Amino acid sequence: MKYLVFALVLLVTGHLWAEIESRAEVLLKRMTLEEKLQQLNMSFAFDTNAVPAATKAARGGLGSIIWGYCDPVSRNAIQRAAVEESRLGIPVLFCNDVIHGNFFTFPGSLGLACAFEPELFERCQAYAGREAKAEGVDLAFAPMCDLARDARWGRVSETCGEDPYLSALCCAAQVRGFQKHVAACAKHYCGYSAVTGGRDYNDSEVTPWTLQNMHLPAFRAAVDAGVLSVMSGFNTWDGVPVTCSRYLLTDVLRGQLGFKGFVTADWAAVGQIVNWGCAADDVQATALALAAGNDVDMCSSAYVKGGKAALADGRLDLATVDAAVLRVLRVKEALGLFERPYCEPAAVDGVRAAVAREAQDLAREAAAKSVVMLKNDGALPLRPTVRKVALVGPLADDRREMIGSWCGRGVATRETLAAALRRELPKGTELAVVPGCQTRLEPPKKTLQDGTVVYDSSQPDGDFQLDIPGAVAAAKAADVVVLAVGEAQFMTGENAARMDLGLTGNQPELVRAVLAAGKPVVAVVCSGRPLALPEIWNGAAAVLYAWQPGREGPAALAELLTGKTGPSGRLSMSVPRSAAESPSFYNAPRTGRPGSGQYRDVNEHGAKYPFGYGFTYSTFHYGKVRIEGDEAVCTVKNVGACAATETTQLYVSQKACAAGARPERELRGFRRVTLAPGEQTDVRFKLTDEVLGYRDRGGAWHCDAGDYEIRIAKDAASGEFVNYARR
Ligand code: GLC
């Protein structure tokens with residue numbers, strides 16, 4: 001039956017594509033070469049001054065635009081110029097970086113992946129897509145399907161972590177969510193996160209084995225979920241800029257994954273093939289990129305400048321250009337842009353208000369589930385007996401740093417942590433709020449008309465009113481200290497590599513002073529990457545790692561601190577001991593000498609906190625894993641004092657794989673179970689080929705007969721295995 005349904009879906013989809021193909025092909029036959037090259041050209045407009053030029057370009061057949069300005073009226077004016085004044089009336093595709101929210105901001109994806117609940121991504125991105133569509137965005141440049149392995153790389157904040165299985169589920173869910181309203185864009189294809197040294201825009205060395213089994217799975221899942229576009233990465237693969245890698249863009253993406261949509265380069269990456277030293281000029285760069293399968297030139301104008309010459313001297317053939325144009329036209333058809341090219345400016349405020357109303361609880365739930373409790377000596381949840389709380393640190397009374405590094409226009413959290421904590425603490429509890437320092441040495445802030453607090457970059461950098469003594473005094477006078485620290489908002493994201501994984505600005509000095517005050521300290525850490533904070537790990541009584549929790553982050557944290565909600569997040573990315581051991585990730589091969597070859601100058605090895613790690617407010621006991629037929633079973637019991645949600649994880653390990661050294665263990669299933677005190681349940685996972693297997697270098701799936709170590713554990717570093725002999 002399943003196969004019959006699948007065949008029907010294929011038939012319908014194929015028919016749909018064929019239908020779109022015929023309409024797009026008719027249009028293609030009428031297009032001039034100039035119009036074809038313009039259709040493959042993506043420009044940008046970020047403010048009102050850019051509108052006249054964009055309108056003129058639309059009249060001339062511009063294919064797509066990065067619409068950072070976001071004004072729906074101007075958007076329709078540009079679109080009207082395309083639809084009603086250009087020769088063929090082909091609508092412009094309006095694109096934007098809607099990464100974890102458009103105006104209403106959800107948690108950043110590295111944090112949200114810690115919920116181990118892909119369905120949350122689908123719900124959040126559906127709201128983000130709905131809001132963006134209302135403003136006239138047709139395509140969101142998300143999900144980011146890259147695999148995070150190096151905390152020095154600033155863009156780990158945009159990924160769904162270091163595990164390919166979890167990332168694949170989360171990215172496919174994002175595609176489903178977005179594409180209820182707009183086209184999604186799986187980026188940055190492929191291997192971009194493996195940049196040398198964690199330095200953005202660098203080369204990346206990824207073998208075919210690692211590509212197939214680590215970096216491709218999330219893209220494969222996005223393609224299987226029907227993603228309509230893919231963005232090629234800034235990196236090289238096997239020495240070739242991905243933007244002109246025929247192997248990756250055509251042989252693998254279209255040949256192996258079956259991708260049908262269009263590929264856009266990343267910003268100016270076509271022109272930058274010249275910078276890589278792989279093309280002499282735009283003409284050669286155009287020929288290489290189009291021939292490789294890169295359909296759209298984002299913001300380098302190389303195609304419109306070099307396309308004609310590349311065709312004239314035979315380095316590019318027209319059939320390649322036509323195929324690229326068809327793919328772009330088909331996505332526009334699939335989006336209904338020919339029938340409904342305009343948005344409704346009058347509806348924007350209503351949609352925004354509806355999303356803010358409807359999505360607030362979801363955003364708070366998502367933020368709460370993204371927080372990982374790394375430690376708790378009993379200080380959490382704050383007891384009712386606690387009568388005086390000191391809330392110190394730069395994130396105590398701030399609405400910027402938690403919002404995330406790709407927050408779109410959701411410029412601030414709804415409230416500060418101080419306001420949320422004041423609401424959630426028991427009546428009569430004293431709360432002293434002393435930020436003590438900033439997250440960075442930056443210009444002072446200013447408050448906009450709507451109350452949003454932003455950095456006032458018009459002022460010179462200045463020494464802030466540091467008040468570390470004030471923070472220490474508040475700590476000494478309190479029963480418990482909540483220390484809210486983290487990375488400045490733009491210390492992660494694009495072009496934000498770091499050599500050091502410590503706190504920024506004056507925070508290290510503040511942390512040392514507050515820890516020395518001698519009171520129990522609960523650390524709340526917000527960051528777009530895992531940080532190495534040994535003083536906090538050792539000195540705090542409890543640690544909540546909150547990543548970039550978005551607009552409802554403060555509300556979620558206040559509920560977790562007071563116990564209204566219990567923490568359930570599990571690390572989507574390992575927390576390294578220091579930047580020196582990056583890249584570091586759990587799913588590494590055994591090596592020929594397991595446990596040897598460690599650094600000589602330290603005596604603690606491996607991640608400080610491994611992938612999958614995290615505590616709840618209760619305690620769970622895992623029984624021995626049992627094999628029952630083709631299932632792995634484990635009895636999990638809540639042996640603590642309160643109900644809680646535990647994320648049980650299935651790890652597999654093939655003991656002898658002649659095709660290549662597989663990871664010492666790989667996540668291949670997880671199940672969140674909510675149990676009352678004393679309650680237990682059997683957690684079961686079927687050991688199918690899909691769970692046990694791997695891909696060969698050509699992308700074919702294999703599941704070898706032989707022995708496998710099977711674990712059902714609370715994180716990637718725990719759990720005894722049981723042997724499973726697959727025949
Ligand atoms: C940037 C980023 C990419 C983004 C694009 C459009 O350079 O690499 O993630 O979607 O340009 O802004």
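The values are calculated or read from the model by the stated rules, or taken from the named source; none is laboratory data. Since the structure is predicted, the reported quantities are computational estimates derived from the model, not experimental observations. Note: ideal-geometry Cβ built from the backbone for every residue, glycine included; neighbour counts use all protein chains shown.
Report, by residue number, each residue of segment 670-686 that is in contact (Cβ under 8 Å) with a residue 60 or more places away in the chain and surrounded by 16 or more Cβ atoms within 10 Å (Cβ to Cβ).
PHE670
Only a single item in (1) assigned to a loop (DSSP other than H, G, I, E, B); (2) without any contact (Cβ under 8 Å) to a residue 12 or more places away in the chain; (3) not small (Gly, Ala, Ser) is not met by PRO384, and it is number (2). The residues listed here are ALA184, ALA148, ALA142; of these, the one that is among the hydrophobic types (A, V, I, L, M, F, W, C) and over 21 Å from LEU257 (Cα atoms) is ALA148. If you check GLY271, GLY261, GLY314 for being within 26 Å of ALA222 (Cα to Cα) and either under 32 Å from the mean Cα position of the chain (by Cα) or without any contact (Cβ under 8 Å) to a residue 40 or more places away in the chain (or both), only one passes: GLY261. Would you say CYS278 is at pLDDT 95 or above, in contact with a strand residue (DSSP E or B) (Cβ under 9 Å, 6 or more places away or on another chain) and either within 16 Å of the ligand (Cβ to nearest atom) or among the charged types (D, E, K, R) (or both)? Criteria not met by CYS278. Does at least one position in segment 291-305 carry a residue that is free of Cβ contacts under 8 Å to residues at least 24 places away in the same chain, assigned to a helix (DSSP H, G or I) and among the basic types (Lys, Arg)? Yes: one or more hits.
For segment 201-220, a residue qualifies if it is under 17 Å from the mean Cα position of the chain (by Cα) and without any contact (Cβ under 8 Å) to a residue 60 or more places away in the chain, and the qualifying residues are PRO217, ARG220.
Within segment 127-134, not a single residue is in contact with a helix residue (DSSP H, G or I) (Cβ under 9 Å, 6 or more places away or on another chain), closer than 30 Å to ASP361 by Cβ, hydrophobic (A, V, I, L, M, F, W, C) and part of a loop (DSSP other than H, G, I, E, B). Screening LEU395, LEU417, LEU380 for residues that are aliphatic (A, V, I, L, M), touching a strand residue (DSSP E or B) at 6+ places or on another chain (Cβ under 8 Å) and closer than 19 Å to GLY505 by Cα leaves exactly one candidate, LEU395. THR243 fulfils the conditions (1) out of contact with any strand residue (DSSP E or B) (no Cβ under 8 Å at 6 or more places or on another chain); (2) within 16 Å of the ligand (Cβ to nearest atom); (3) among the polar types (S, T, N, Q) except for a single criterion, (1).
Being of a type in the set (A, V, I, L, M), closer than 24 Å to LEU211 by Cβ and part of a strand (DSSP E or B) narrows it down to one residue among VAL673, VAL652, VAL691; which is it? Matching residue, one of VAL673, VAL652, VAL691: VAL652.
Yes/no matrix, rows are residues, columns are (1) buried (at least 22 other Cβ atoms within 10 Å of the Cβ); (2) not small (Gly, Ala, Ser):
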| position | (1), (2) |
| --- | --- |
| PRO241 | yes, yes |
| SER245 | yes, no |
| LEU248 | yes, yes |
| LYS260 | no, yes |
| ALA268 | no, no |
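Report yes if GLU162 is in contact (Cβ under 8 Å) with a residue 24 or more places away in the chain, under 15 Å from GLY528 (Cβ atoms) and away from the ligand (no atom under 16 Å from the Cβ), otherwise no.
So GLU162 fits the description; yes.
Picking from residues in segment 293-316 that are surrounded by fewer than 24 Cβ atoms within 10 Å (Cβ to Cβ) and out of contact with any strand residue (DSSP E or B) (no Cβ under 7 Å at 6 or more places or on another chain), the one that is nearest to SER64 (Cα to Cα) is LYS305.
Checking each residue in segment 175-226 for being within 16 Å of the ligand (Cβ to nearest atom), outside any helix (DSSP H, G or I) and at positive phi picks out GLY191, TYR201. Out of everything in segment 253-275 that is closer than 29 Å to ALA172 by Cβ and outside any loop (DSSP other than H, G, I, E, B), what residue ends up being nearest to the ligand (Cβ to nearest atom)? By that ranking, first place goes to THR264. Quick one: is ALA142 free of Cβ contacts under 8 Å to residues at least 60 places away in the same chain and in a helix (DSSP H, G or I)? Criteria not met by ALA142.
Report, by residue number, each residue of segment 145-159 that is in a helix (DSSP H, G or I) and over 11 Å from the mean Cα position of the chain (by Cα). The answer is GLY154, and nothing else. Out of segment 68-111, which residues are in contact with a strand residue (DSSP E or B) (Cβ under 9 Å, 6 or more places away or on another chain), of a type in the set (Gly, Ala, Ser), free of Cβ contacts under 8 Å to residues at least 40 places away in the same chain and crowded, with 19+ Cβ neighbours inside 10 Å? Listed by number, the list holds a single entry, SER74. Number of residues in segment 319-378 that are in a loop (DSSP other than H, G, I, E, B), more than 28 Å from the chain's Cα centre (by Cα) and touching a residue at least 40 places away in the same chain (Cβ under 8 Å) equals 6. In a residue-by-residue description of segment 204-215, the property of being of a type outside the set (Phe, Trp, Tyr), surrounded by 24 or more Cβ atoms within 10 Å (Cβ to Cβ) and farther than 25 Å from TYR651 by Cβ applies to no position.
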